[in-house]
Amino acid sequence: MRYSLDTNILVRLVVVDHPTLSPAAADLVRNNDCHLSVIALAEMGYVLMSVYDATIQDVAAGARKIVALPTVEVENAVRVLKAVQAAESGMDW
């Protein structure tokens, strides 16, 4: 079975701010095949910047961390990596 990662799981992986949900998200991703959509990744960036006051560099670092996970299949992986590189260079998310 492949799990589709939603925004909540992505935010929990990056922020690690919940004593129950953050470890559960990490376990899910570590132990299962997962799919990451471009939409969920974009939503993660929006939530991190608007709710957690993250910088664009924080969002790019979080995205890079998730995209690099061996259990995560990324929709349009080449384009996502180019977008992460552009964000690291100062382009808006």
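Yes/no matrix, rows are residues, columns are (1) surrounded by 12 or more Cβ atoms within 10 Å (Cβ to Cβ); (2) modelled with pLDDT under 95:
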site: L10; (1), (2): yes, no
site: N31; (1), (2): no, no
site: P70; (1), (2): no, no
site: V78; (1), (2): no, yes
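Looking at (1) within 17 Å of T71 (Cα to Cα); (2) open to solvent by less than 50 Å² (accessible area, probe 1.4 Å); (3) of a type in the set (G, A, S); (4) more than 12 Å from the chain's Cα centre (by Cα), can you tell me which one A54 breaks?
Status for A54: all satisfied but (1).
I need a count of the residues in the stretch 14-29 that are surrounded by fewer than 20 Cβ atoms within 10 Å (Cβ to Cβ) and in contact with a Ser or Thr (Cβ under 8 Å, 6 or more places away or on another chain).
Residues flagged as surrounded by fewer than 20 Cβ atoms within 10 Å (Cβ to Cβ) and in contact with a Ser or Thr (Cβ under 8 Å, 6 or more places away or on another chain) within the stretch 14-29 amount to 2.
Which residue pairs have Cβ atoms closer than 7 Å, lie 6 or more positions apart in sequence or on different chains, and pair a first residue in the stretch 1-12 that is more than 16 Å from N32 (Cα to Cα) with a second residue that is open to solvent by less than 30 Å² (accessible area, probe 1.4 Å) and at pLDDT 95 or above?
T7/A40; T7/M44; V11/M44; V11/L48; R12/S22; R12/A25
How do the pairs read when you match residues in the stretch 22-41 that are part of a helix (DSSP H, G or I) with residues anywhere that are acidic (D, E), using Cβ under 8 Å and keeping only pairs 6 or more apart or on different chains?
V38/E75; A40/D6
Can we say M49 is open to solvent by 50 Å² or more (accessible area, probe 1.4 Å) and in contact with a Phe, Trp or Tyr (Cβ under 7 Å, 6 or more places away or on another chain)?
yes
The values are calculated or read from the model by the stated rules, or taken from the named source; none is laboratory data. Treat the numbers as computed from the prediction; the structure is a model and nothing was measured. Positions of Cβ are generated from backbone atoms using ideal geometry, with glycine treated the same way; all protein chains shown enter the neighbour counts. For the accessible areas, the whole protein counts, side chains as well, though only heavy atoms, and no ligand, DNA or RNA atoms are used. Shrake-Rupley method; radii C 1.70, N 1.55, O 1.52, S 1.80 Å.
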